[in-house]
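Accompanying notes for the structure given below.
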Amino acid sequence: MVTLLVGCGVGGNGGRTGVSLIIKTQTNPYFVSMKQAAQAAAGENGVHLSVASGQADGDTQSQINAIDTAIARGDKGILITSNGSAVNAALRQAKASGLFVIALDTPLDPAKTADVTYATNNFEAGKLIGQYAAAALNGQKAVIAMLDLYDDQVVSVDVDRDHGFLTGMGIDPGSKTLNAKEDRTGTYNGGAGGSYTIACHQATQGAVDGGRTAMEQCLSRNPDINVVYTINEPAGEGAYAALKADDHQDKAFIVSIDGSCQGMADVENGIFAADATQYPGKMAQLGVDAIAKIGAGQQPPSLPRGEDYLDTGTKLVTAKPLPGIDSQTPDEGKKACWGTAG
């Protein structure tokens, strides 16, 4: 799916700097907000913006087609939220053809496939909600549902958030590269500490329907679940629907990651106990600005020494702050939801 948003049609960029934004999907509100911010930045910079996406999370072929189109059109750069490492060869070809490649949200694997990356520290975001969950338990036994992104491929955002949450809880993830390798029972050391059981690891595809199905399956395996980790807000919304349908919503709390305006409202209304924020609008705006500057003959952005990406920040938002846990209120979170960091 490719949409030309600024300027003329196929065959060139009308003499202006061309930028391609290639997102995972155009249905997930997270990536819609990224597109909207890129549109605004393109208008401010006077560049020609094209937007493309996969048909669904994990669709790499549509992204590869969009990369090929950007090369043929003579774009100056590509901004991409990758659906998987299958796009890497096409991105290397883009770089060889003179395009500047910026990864947004999800660092590529390997990260050097992109020239630069604007992203949240997903491990840190997961760690924040893990620390909150451990503190909220106050020594109570944790029966944990892990609602991840995939079970048929490995992507860094999935692993980093999952492992960050476990680390924040004080549980060893058991692997540096794979999910579901931690001990299924043991002791968590976060907060007041206590015993834990991992009730399930279920893939959600980052979607509402996937989150609901995953939560239903987890509850069928262990009805004692009291902590639900979700890879993102849509999965969390689906999980809440399943908990409510099972009359379990008061027996478990959900912690998630995203930071949308709807997510801030969900925290305020008690659907999520805590949410770690991200700023996709800032990622897209910085990316468009960078390529516009390159098109104007200025220097490209560079990474700090020893870093794989430029961190756009994360905050913990909760309506029930806990001692020793740094957090924002939902009202504070709403001031920057999916925009620039507050």
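The values are calculated or read from the model by the stated rules, or taken from the named source; none is laboratory data. Please read all numbers here as calculations on a predicted model, not as lab measurements. Cβ atoms come from the backbone with ideal geometry, glycine included; neighbour counts cover every protein chain shown. Surface accessibility is based on the protein's heavy atoms, side chains included, excluding ligands, DNA and RNA. Shrake-Rupley method; radii C 1.70, N 1.55, O 1.52, S 1.80 Å.
Based on what the data block shows, is Ser33 within 22 Å of Gly206 (Cβ to Cβ), open to solvent by 10 Å² or more (accessible area, probe 1.4 Å) and in contact with a Cys (Cβ under 9 Å, 6 or more places away or on another chain)?
Numbers: within 22 Å of Gly206 (Cβ to Cβ): yes; open to solvent by 10 Å² or more (accessible area, probe 1.4 Å): yes; in contact with a Cys (Cβ under 9 Å, 6 or more places away or on another chain): yes.
It is true that Ser33 is within 22 Å of Gly206 (Cβ to Cβ), open to solvent by 10 Å² or more (accessible area, probe 1.4 Å) and in contact with a Cys (Cβ under 9 Å, 6 or more places away or on another chain).
Does segment 141-161 contain any residue that is more than 15 Å from Ile231 (Cα to Cα) and touching a Gly at 6+ places or on another chain (Cβ under 7 Å)? Yes.
Anything in segment 178-217 that is under 19 Å from the mean Cα position of the chain (by Cα), among the polar types (S, T, N, Q) and either over 16 Å from Val157 (Cα atoms) or at pLDDT 95 or above (or both)? List them, or say none. If the condition is that a residue be under 19 Å from the mean Cα position of the chain (by Cα), among the polar types (S, T, N, Q) and either over 16 Å from Val157 (Cα atoms) or at pLDDT 95 or above (or both), then Asn179, Gln202, Thr204 are the ones that fit. In segment 275-303, the residue that is nearest to the chain's Cα centre (by Cα) out of those that are within 19 Å of Asn122 (Cα to Cα) and not in a helix (DSSP H, G or I) is Gln278.
A count restricted to segment 331-342 and to residues that are at pLDDT 95 or above and either out of contact with any Cys (no Cβ under 9 Å at 6 or more places or on another chain) or among the polar types (S, T, N, Q) (or both) stands at 2. Considering only residues in segment 244-264 that are hydrophobic (A, V, I, L, M, F, W, C) and touching a Lys or Arg at 6+ places or on another chain (Cβ under 8 Å), the one that is most open to solvent (accessible area, probe 1.4 Å) turns out to be Cys261.
Name the residues in segment 153-169 that are touching a helix residue (DSSP H, G or I) at 6+ places or on another chain (Cβ under 6 Å) and not polar (S, T, N, Q), would you? Before the answer, list the steps.
Of segment 153-169, the ones touching a helix residue (DSSP H, G or I) at 6+ places or on another chain (Cβ under 6 Å) are 157, 160-161, 164-165, 167-169.
Listed by number, the residues that qualify are Val157, Asp160, Arg161, Gly164, Phe165, Gly168, Met169.
Taking segment 157-274 and the helices (runs of 4 or more DSSP H) fully enclosed by it, the elements with 2 or more residues that are touching a Pro at 6+ places or on another chain (Cβ under 7 Å) and either touching a residue at least 12 places away in the same chain (Cβ under 8 Å) or closer than 17 Å to Leu147 by Cα (or both) are at 208-221, 261-268. Which count do you get for residues in segment 287-330 that are at pLDDT 95 or above, open to solvent by 50 Å² or more (accessible area, probe 1.4 Å) and either among the aliphatic types (A, V, I, L, M) or in contact with a Pro (Cβ under 7 Å, 6 or more places away or on another chain) (or both)? So the count comes out to 2.
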